[in-house]
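Every read-out reported here was derived from the displayed coordinates using simple, explicitly stated rules and does not represent laboratory data. Fair warning: this is a prediction, and the values are worked out from it, not measured in the lab. Counting neighbours? That spans all protein chains shown, and the Cβs are built from the backbone with ideal geometry, glycine included.
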Amino acid sequence: MKVVIDQDRCVGAGQCVLAAPEVFDQREDDGIVVLLDENPPEELHDQVREAAQICPALAIELAG
Amino acid sequence: MTEALSSSSQAVSDAREPEFPMSRGRCPFDPPPELERRLHDEPVSRVRIWDGSEPWLFTRYEDVRALLRDSRVSADTDLPGYPPQSPGVAARRKRAKAFISMDDPDHASQRRMLTADFMVKKVERLRPRIQKIVDELIDDMLAGPKPADLVQAFALPLPSLVICELLGVPYEDRALFHRLSKVLISQEATPQQSLDAVEELLAYLSRLVEQKLKDPGDDVLSRLATEQVAAGTMTADDVAAMGQLLLVAGHETTANMIALGTVALLEHPEQLDLVRDGDAALIANAVEELLRYLTIVHTGRRRVALADMEIAGQRIRKGDGLIAASDVANRDAEAFPDPDKLDVTRKARHHVAFGYGVHQCLGQPLARVELQVVYSTLYRRIPTLKLAAPLAELDFKHDMLVYGVHSLPVTW
């Protein structure tokens, strides 16, 4: 799985951080998404899929 | 007499009375039966609102999400065709305009001034402070007379204190903003009452912003004053409009979730037992489920179409009003099996109680932490908590834009 984020679309709702805290974080100065792991291990895939599904701004894309 | 009454009510319905918002049925937690019927039989339909216009009403979970994330729809309350929630909302739409009623790029630039304040890790740092406030409010309530009104003793003070500290609004002024906020979220306030309330609140907050410019503190209004007003990028009135949104949204919604959530749990004792004995993960889950089940923003998320388009298989014309009924969407069996059942163990995080799309609630991490602390503390500290009036006699907020109870008599 490869995770791609779009920081321009992000609205800082924080949903991804709650769904998959080992993969997503928020920038200290503006709360916009940062990617901690662009190739997360298999055991986190469900969490990452949930994060992508609930992101209100469609700022997370998954490949593979 | 009976005949006269029935013939006059006939006349009123012939005069095309509004169909939306709809009346709830017997269960105070369920969406209106007619809304449930449309979800099943007519998922996208026209509905007449107070001003006589007939916006499209979307009821299915996936359709609500599709509508709210579509960049061809606008949240701009000034555009022709936008369906205002009430005469009061319509009257004040040119005043106090903040990012909730703007489109990108203006929306994004204002919202990004605040995203750091409400991000998950920032709000987590407030958890000990929120826990302390919750414990002290419960101490005070237990030391006072019973029955008590849980709204005044607990549900309203907690989020009011927290948002005041965050924004830098003196909590001593709560009588003023509680009074004005009540007018602003009333569906029945007249246009004049609504305008007067918004002017009074903006004047109060503008004065506060001017003070913060001279003597800034460590709070959101001070930061907006020193970074935006001082630089000339925003006026004190613009910051007041943002402050008004944060202040009202920051306490009304959470207060209603605390009180109405407590009623729902007391009426579902097996769920209350799970919450009372639950670990942090179960509590977090219970918060999501109660947000879904109660969906207190119950008059729909409003938009207007910017172009001719098709959403959920429906042809929409430019300028058509659009209502996303998130309350009934959260009862769509396609998204939530056995949707009318309150089940604090279900997966519910994908609910649309905070809306969806770029306008999804900015303060949701704060609301979550406040509710987690409340639900994990209140019923453990007061295990015998119970209603001091029958459910049917509670004063539910059918008249407000945010659902809940006006007061909640409890004893223990």
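Selection over the range B:298-339 of residues that are surrounded by fewer than 18 Cβ atoms within 10 Å (Cβ to Cβ), in a strand (DSSP E or B) and touching a residue at least 60 places away in the same chain (Cβ under 8 Å) gives a count of 2. Exactly one residue out of B:D135, B:D117 is more than 20 Å from B:T253 (Cα to Cα) and either more than 14 Å from chain A (Cβ to nearest Cβ) or not in a loop (DSSP other than H, G, I, E, B) (or both): that is B:D135. B:G168 falls short of the stated requirement of being surrounded by fewer than 17 Cβ atoms within 10 Å (Cβ to Cβ) and over 24 Å from B:V358 (Cβ atoms). Can you tell me which residue within the range B:39-82, out of those that are out of contact with any strand residue (DSSP E or B) (no Cβ under 7 Å at 6 or more places or on another chain) and assigned to a helix (DSSP H, G or I), is surrounded by the fewest Cβ atoms within 10 Å (Cβ to Cβ)? Among those residues, the one meeting the criterion is B:D41.
Taking the criterion of being part of a helix (DSSP H, G or I) and either surrounded by fewer than 24 Cβ atoms within 10 Å (Cβ to Cβ) or touching a Phe, Trp or Tyr at 6+ places or on another chain (Cβ under 9 Å) (or both), the residues of the range B:226-240 that qualify are B:T226, B:E227, B:Q228, B:V229, B:A236, B:D237, B:D238, B:A240. Closer than 25 Å to B:K318 by Cβ and within 14 Å of another protein chain (Cβ to nearest Cβ) - does that describe any residue in the range B:74-94? So far as the range B:74-94 goes, yes, one or more of its residues are closer than 25 Å to B:K318 by Cβ and within 14 Å of another protein chain (Cβ to nearest Cβ). Which one is surrounded by the fewest Cβ atoms within 10 Å (Cβ to Cβ), of the residues in the range B:241-268 that are of a type in the set (G, A, S) and either within 15 Å of B:E199 (Cα to Cα) or under 16 Å from the mean Cα position of the chain (by Cα) (or both)? Here the residue is B:A249. Summed over the range A:5-64, the residues that are touching a Phe, Trp or Tyr at 6+ places or on another chain (Cβ under 7 Å), more than 9 Å from every other protein chain (Cβ to nearest Cβ), over 24 Å from B:P105 (Cα atoms) and part of a helix (DSSP H, G or I) give a count of 1.
Residues of the range B:210-225 that are out of contact with any Pro (no Cβ under 6 Å at 6 or more places or on another chain) and part of a helix (DSSP H, G or I): B:E210, B:Q211, B:K212, B:L213, B:K214, B:V220, B:L221, B:R223, B:L224, B:A225.
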